[in-house]
Structures are given as structure tokens and as C-alpha cells.
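Enquirer: I have a structure here, written as C-alpha cells, and I will follow up with some questions on it.
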Amino acid sequence: MEDNNLNQNNQINSVGTEEQNSVPSTNQAYVQPTQTNNGNTNSPSKKSGPLVIFGIVLVIAIVLIVTLFFENKNVQGTDSQNLINENTKTIIVYFSKDGENYGKNLNIENKRNLTEGNTKVMAERIKSFIDADLFEIEPKDEYPKDLDELYAVTKTEYNKDIYPDIKKEIENLDEYDVVFIGYPIWHASYPQIIKSFIRDNKDILKNKIVVPFNTHAGSGSAGTYKKLFSLIGLPEEKGLNGLAINGTEVTTSDENIKSWLSSLGYKIK
Ligand SMILES: Cc1cc2nc3c(=O)[nH]c(=O)nc-3n(C[C@H](O)[C@H](O)[C@H](O)COP(=O)(O)O)c2cc1C
């Protein structure tokens with residue numbers, strides 16, 4: 001950022017130098033006025049010279065001011081350190097599924113039976129490091145515990161773009177400045193219930209800072225963050241970088257989570 005300013009200052013300086021250089025040549029026109037064929041002094045150009053130079057300097061100054069204004073705006077928009085401070089009100093909204101789930105690499109042989117969903121664990125870890133409230137998105141109709149059944153039901157939901165009903169809507173979302181949205185990767189995307197949540201809260205979310213996070217079994221974020229921001233209709237600078245953690249590593253990733261939160265501008269508790 002500082003480098004940018006330096007360059008801008010350099011530009012300003014070089015314009016200033018040009019301006020100074022041009023003044024003596026104008027004055028010269030007064031000392032030796034150009035002559036027309038009939039010997040008369042060419043007085044219109046004598047008068048308009050300084051005006052033209054003044055006009056050029058004015059245009060350059062306006063261009064510089066406008067450029068500096070927009071660059072500054074950009075920096076503030078994308079720099080989350082300026083957006084998040086001790087007065088920021090944060091909520092962590094997440095969906096997670098306990099019971100049978102994949103382990104590493106989506107291998108059914110690595111099947112695990114979770115007493116608490118991986119994303120729920122990650123959401124709770126985030127909450128333990130910052131001042132934030134927690135809200136769990138729960139489906140009205142429970143998903144099957146058996147992994148094969150769960151896979152089949154959710155695959156149909158995904159293929160048919162079904163929006164499952166949410167058990168209880170969040171009531172006070174508008175009170176918050178920052179909304180974390182967490183989910184597991186299902187079928188290389190976010191679960192359809194995340195789409196239900198966004199559909200129901202889109203008008204509020206559009207005016208918030210949104211931070212995505214997710215757990216997975218090998219796909220990382222699967223390109224879901226960009227998709228999420230565009231689903232909300234959020235300007236790019238209002239969607240901050242997310243964090244993806246392998247589901248098998250949620251209990252051993254505290255340092256990773258803390259440095260991510262710090263990079264967003266949060267003070268770690
Ligand atoms: C139906 C289903 C589909 C999944 N699809 C993917 C996938 O495409 N890519 C991936 O990396 N993990 C996939 N996973 C694994 C989960 O993302 C991973 O286990 C996650 O940590 C589970 O989080 P949860 O316990 O909060 O629900 C899938 C899991 C299930 C149950």
C-alpha cells in the first residue's frame with residue numbers, strides 16, 4: 001500500500017516539474033511576439049497561451065485527484081483490517097451433520113461415525129477465539145444417519161436443485177456486521193440447505209461482510225466461496241477469504257484457524 005502511495009507522489013512530482021518548465025516558454029512569447037504576414041502582432045495566441053496551459057494543468061490535476069480517490073476507496077474496500085474492529089458484531093452460522101461420514105479422500109473404507117459434525121466442531125473452535133454468536137442451520141426433515149442413504153438423498157436434492165426446509169429461521173441476523181457461513185462439502189458443492197438459507201436471508205446478507213468456511217474430505221473449498229458470494233449478490237470486497245479444513249483435522253487445526261482469523265482483522269482471545 002505504501003509503495004502505491006509512493007508512486008502516486010512521484011507522479012504528482014513529475015507533473016509539477018512539467019508545469020514549471022512550460023512557464024518560461026510562454027513568457028518568451030511575450031518578449032518576441034509572432035508576426036503575421038502584414039506585420040501585425042498575433043495577439044489572440046498571445047492571450048490564449050497562458051489560458052491553454054492553465055486548462056491542461058487543471059485537467060491533469062482533476063485526473064490525479066479522481067485516480068487517488070478511487071484507489072483509496074479500493075484499498076479500504078478490500079482490506080478487512082479496516083472493516084473488522086473491536087466493535088464488530090459477528091455471528092457464525094453453520095450447517096453440519098453428525099452420524100456416518102467420510103474420512104480422508106472420500107473413501108468409504110475410511111467411514112467414521114461422528115458424535116458431533118466436523119463443521120460444528122470448526123464453528124465452535126472459531127467461536128472460542130473471537131467474540132461471536134453461533135447459529136446452527138437445521139433441516140426440518142432429518143437426514144438419514146446411514147452414509148449410503150444420506151449420499152442418495154442428498155445427491156437427488158443436488159441434481160434436482162431442491163431447497164430443503166429449515167427447522168427454525170434466524171431472527172436477528174440484521175443485528176450483525178459480519179456473518180460467517182460454514183458447511184461441509186457435499187457432491188463438490190455446498191449442501192442445498194445453504195441455498196435455502198441464502199434464499200431466505202439474501203436481502204440482509206447483501207449488506208453484510210460474509211466470511212465462508214468449510215470442512216471436506218479432500219476437495220478443499222471446491223470453488224464454493226465465489227459461488228456463495230455471487231448467490232448472495234455480494235460485491236467482491238464484502239466477501240472475505242474463507243478457510244477450508246479437512247474434516248479429519250478439525251480438532252488439530254487451532255493454529256491455522258487463529259492465524260486466519262487474525263488475517264481477517266480479529267483480535268484472538
Ligand atoms: C453426502 C456427502 C457428500 C460428500 N461429498 C464430498 C465431496 O464432494 N468432496 C469432499 O471433499 N468431501 C465430501 N464429503 C465429505 C464431507 O465434506 C466431510 O466429511 C465433512 O467434514 C463433513 O462435515 P460435517 O460433519 O460437518 O457434516 C461428503 C460427505 C457426504 C456425507
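The numbers here are math on the coordinates, done by the rules we state, and not lab data. On a predicted model such as this, the values are computed, not experimentally measured, just so you know. Here the Cβ positions follow ideal geometry from the backbone for every residue, glycine too, while neighbour counts run over all protein chains shown.
Enquirer: Could you state the number of Å between the C-alpha centres of the stretch 217-254 and the stretch 143-216?
Expert: Using only Cα atoms to place each centre, the spacing works out to 12 Å.
Enquirer: For Glu124 and Glu171, FRET efficiency with R0 = 30 Å and r from the beta-carbon atoms, rounded to 0.05?
Expert: On the way: r = 21 Å, r/R0 = 0.71.
So the FRET efficiency works out to roughly 0.90.
Enquirer: Next question. Put a dot 7 Å past each Cα toward the Cβ at His187 and Tyr163; how far apart are the dots in nm?
Expert: 1.7
Enquirer: While we're looking at this one, here's another question. Which length gain, in nm to one decimal place, applies between Asn241 and Tyr151 when the Cα-Cα distance is subtracted from 0.36 nm times their residue separation? Could you put the intermediate results ahead of the total?
Expert: On the way: separation 90, 0.36 × 90 = 32.40 nm, distance 2.88 nm.
Once the chain is fully extended between Asn241 and Tyr151, it gains 29.5 nm.
Enquirer: Hey, with R₀ at 30 Å, roughly what FRET efficiency would Asp133 and Glu255 work out to, going by the Cβ-Cβ distance, to 0.05? Can you show the working numbers first?
Expert: Values: r = 24 Å, r/R0 = 0.80.
According to the calculation, E is roughly 0.80.
Enquirer: Suppose R0 equals 30 Å. What FRET efficiency, 1/(1 + (r/R0)^6) with r the Cβ-Cβ distance, do Lys111 and Lys206 give to the nearest 0.05? Could you put the intermediate results ahead of the total?
Expert: Details: r = 39 Å, r/R0 = 1.31.
Efficiency, from the Cβ-Cβ distance: 0.15.
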